[in-house]
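The values are calculated or read from the model by the stated rules, or taken from the named source; none is laboratory data. Computed from a predicted model, the values in this text were never measured in an experiment. Neighbour counts run over all protein chains shown; Cβ positions are idealised from the backbone, glycine included.
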Amino acid sequence: MKRILKHSLLSAAITVVLASPMAHATNGYFKIGYGAKNTSMGGAGMAYGQDSLASALNPATLVGIADRADGGLEIFMPKRRGEVDARGIGGARSNEQSRSNVFLIPNMGFSKKLSDRVSIGFAVVATGGMNTRYGDADTGNGNIFTDAFAPAIGGFIPLAIGGLVSQGVPLAQATAIVGKNVATLGGNPDNGPALGINLAQALATPTIAFRLNEHHSVGFSPVLAMQSLRAYGLGLFTAFSDKPNSVTNRGNDRSVGMGGRVGYQGTFGRFSIGAAATSKVYMQEFNKYSGLLAEQGSFDIPATFGGGLAVAVTPRLTVAADISRILYSDVNAISNEGPTANEFFGAFGNALANPSSKPGSFLSKGLGKNNGFGFGWDNATVYKVGVDYAYSPRWSFRAGYNYAEVPYDDDQALFNVLAPAVVEHHATAGFSFAPSSASEVSFSYMHAFNNDVNYTYKGTGAFAGLNYKARNKMYQNAVQASYAQKF
């Protein structure tokens with residue numbers, strides 16, 4: 001039995017990562033909740049654990065969970081649209097909807113009481129990620145960046161030649177340098193036909209929780225993480241990196257890492273309070289994409305912390321609320337800002353006029369460097385509230401609301417075409433039915449309301465009069481079902 005359980009857990013962990021490419025888990029790129037019960041309450045659960053997946057939020061709540069095993073599957077359906085309008089620099093307008101719209105996201109967990117004071121558990125959840133896919137080989141277009149910006153390259157040729165001549169380079173030599181770079185930049189096979197990124201993350205959390213006394217409990221979980229990344233169609237941006245062969249179209253790359261989580265729960269009559277903190281999860285670098293992500297491919301999972309309150313208003317009705325904080329700013333690849341209009345124009349000018357085979361090495365914020373261009377995400381505060389109504393011993397009904405502000409400013413819209421985390425408001429609902437005292441099925445539904453971010457980038461100084469626009473747009477639906485076996 002132990003051997004079967006061990007292999008089942010390992011298989012589940014691998015399945016979560018490889019079979020569930022996430023497409024923004026709505027609070028930035030984190031999921032709003034874990035399991036059908038928690039999700040249907042808007043993710044509120046710091047002080048209110050309901051099943052063996054509770055340790056994914058607060059390991060201390062595991063002391064209140066009976067012996068059980070849970071397994072579930074979420075069908076996640078985001079609708080994302082990206083747009084870049086480069087007509088202001090002689091380019092084109094490209095407006096595309098992502099072709100990846102349905103994702104299967106599994107989860108599983110179990111919990112067991114060793115005594116009245118000690119409980120153990122194990123949970124595997126897909127914690128977050130990002131995914132977009134614009135265009136494909138069948139249509140031959142749809143790569144938003146290439147379709148919009150490639151036609152503008154010709155307009156920069158006179159500027160690039162003139163810049164070299166002003167530095168004392170003979171006209172013929174300057175023309176040859178720029179001509180070669182135009183061919184390299186415009187003819188890059190990685191410019192298309194599709195553009196996209198796929199990042200998937202999963203966490204496994206073996207947990208032990210202690211009931212210190214009647215009112216206080218604590219819990220501890222090492223956080224074991226695995227993530228996978230693939231980027232493609234970013235050929236134009238190889239000129240922004242000093243490692244142009246490690247920017248795009250390198251296939252899947254995987255990394256593993258570790259962090260930790262601690263939690264507390266206090267129960268006082270009808271009231272429960274909870275708090276938990278998860279350290280930054282330190283991950284191996286994505287070596288295949290060391291020329292794309294800041295700090296040579298580093299992509300740690302941000303630290304989080306938060307607290308919550310649950311109130312048993314009546315014996316049947318419980319209301320829970322959480323506030324949590326995601327520290328995106330501590331991960332350079334996420335938090336470093338993308339290029340301003342002048343930096344963008346300057347980078348392309350450098351790519352056209354530079355005689356080096358690695359023009360990105362001359363950029364102060366080149367892709368892959370410690371301060372290299374990123375997504376410009378700020379720290380995010382997440383608000384969650386949910387209700388749980390036990391209609392009868394067999395039926396329970398839940399509803400919730402979740403809010404988190406867009407984690408980046410409007411002027412970061414360009415690179416976030418790849419990562420359009422723009423939804424803010426989420427409504428959730430769900431129910432559970434117990435066919436017997438030893439089994440339970442639960443369902444949840446989540447809708448993230450449509451939102452968009454758009455920005456016009458305007459050049460100044462030498463680039464005055466030049467401009468381009470970027471827009472990110474998304475809404476989401478998700479349904480989830482889970483089954484629990486109680487022992």
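Condition (residue is of a type outside the set (A, V, I, L, M, F, W, C), part of a strand (DSSP E or B) and crowded, with 19+ Cβ neighbours inside 10 Å) applied to the range 236-243: is it met by at least one residue? The answer is yes; a qualifying residue exists. Note on the range 85-107: residues that are within 19 Å of S444 (Cβ to Cβ) and among the β-branched types (V, I, T) amount to 2.
Remark: pairs (first residue in the range 388-401, free of Cβ contacts under 8 Å to residues at least 60 places away in the same chain; second residue part of a loop (DSSP other than H, G, I, E, B); Cβ separation under 7 Å; 6+ apart in sequence or on different chains) = F397/Y391. Would you confirm, using the coordinates I've provided, whether A341 is over 24 Å from A86 (Cβ atoms), at pLDDT 90 or above and either touching a helix residue (DSSP H, G or I) at 6+ places or on another chain (Cβ under 7 Å) or of a type in the set (G, A, S) (or both)? Answer is no for this residue.
Filter the range 328-387 down to residues that are among the β-branched types (V, I, T) and in a loop (DSSP other than H, G, I, E, B) and give me whichever is nearest to G306 (Cα to Cα). So the residue we want is V331.
Residues in the range 444-487 that are in contact with a helix residue (DSSP H, G or I) (Cβ under 8 Å, 6 or more places away or on another chain), surrounded by fewer than 19 Cβ atoms within 10 Å (Cβ to Cβ) and within 28 Å of G386 (Cβ to Cβ): Y445, A481. Taking (1) modelled with pLDDT of 95 or more; (2) among the basic types (K, R); (3) more than 30 Å from G71 (Cβ to Cβ) in turn, K365 satisfies each apart from (1). Scanning the range 74-118 for residues being under 30 Å from S217 (Cβ atoms) and in a strand (DSSP E or B) gives a total of 11. For the range 44-67, which positions are closer than 10 Å to S272 by Cβ, outside any helix (DSSP H, G or I) and of a type in the set (G, A, S)? Across the range 44-67, the qualifying residues are A47, G49. Across the range 395-421, the qualifying residues are those that are part of a strand (DSSP E or B) and among the hydrophobic types (A, V, I, L, M, F, W, C), and the one among them that is nearest to I144 (Cα to Cα) is A404.
For T207, the conditions (1) within 30 Å of Y29 (Cα to Cα); (2) of a type in the set (V, I, T); (3) surrounded by fewer than 20 Cβ atoms within 10 Å (Cβ to Cβ) are fulfilled apart from (3).
Within the range 177-191, the residues that satisfy the criterion of being under 31 Å from the mean Cα position of the chain (by Cα) and assigned to a helix (DSSP H, G or I) are L185, G186, P189, D190, N191.
Table: residues versus (1) modelled with pLDDT of 95 or more; (2) part of a strand (DSSP E or B); (3) surrounded by 22 or more Cβ atoms within 10 Å (Cβ to Cβ); (4) more than 16 Å from the chain's Cα centre (by Cα).
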residue: E285; (1), (2), (3), (4): yes, no, no, yes
residue: F305; (1), (2), (3), (4): yes, yes, no, yes
residue: V319; (1), (2), (3), (4): yes, yes, no, yes
residue: R325; (1), (2), (3), (4): yes, yes, no, no
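Restricting G360, G376, G366 to residues that are at positive phi and either in contact with an Asp or Glu (Cβ under 7 Å, 6 or more places away or on another chain) or aliphatic (A, V, I, L, M) (or both) narrows the list to G376. Somewhere in the range 140-157, is a residue crowded, with 16+ Cβ neighbours inside 10 Å and on the phi > 0 side of the Ramachandran plot? Yes; the residues of the range 140-157 include at least one that is crowded, with 16+ Cβ neighbours inside 10 Å and on the phi > 0 side of the Ramachandran plot. When we screen V118, V102 for residues that are loosely packed, with under 15 Cβ neighbours inside 10 Å, free of Cβ contacts under 8 Å to residues at least 60 places away in the same chain and of a type outside the set (F, W, Y), the only hit is V102. Of the numbered criteria (1) modelled with pLDDT of 95 or more; (2) surrounded by fewer than 24 Cβ atoms within 10 Å (Cβ to Cβ); (3) under 23 Å from the mean Cα position of the chain (by Cα), the one D67 fails is (3). Counting only residues that are among the hydrophobic types (A, V, I, L, M, F, W, C) and closer than 19 Å to P302 by Cα, the range 364-417 holds 7 of them.
Looking across G269, G263, one residue alone is closer than 23 Å to A303 by Cα and not hydroxyl-bearing (S, T, Y). It is G263.
Residues that are under 28 Å from Y328 (Cα atoms), surrounded by 21 or more Cβ atoms within 10 Å (Cβ to Cβ) and not basic (K, R): does the range 348-359 have at least one? Looking for residues that are under 28 Å from Y328 (Cα atoms), surrounded by 21 or more Cβ atoms within 10 Å (Cβ to Cβ) and not basic (K, R), one finds none in the range 348-359, hence no. Among the residues making up the range 119-136, those that are farther than 29 Å from N58 by Cα and assigned to a strand (DSSP E or B) are T132, R133, Y134. The residues listed here are V247, V319, V256, V313; of these, the one that is among the β-branched types (V, I, T) and within 17 Å of G49 (Cβ to Cβ) is V319.
Exactly one residue among T184, T207, T248, T175 is touching a residue at least 60 places away in the same chain (Cβ under 8 Å) and either closer than 30 Å to K365 by Cβ or not small (G, A, S) (or both), and that residue is T207.
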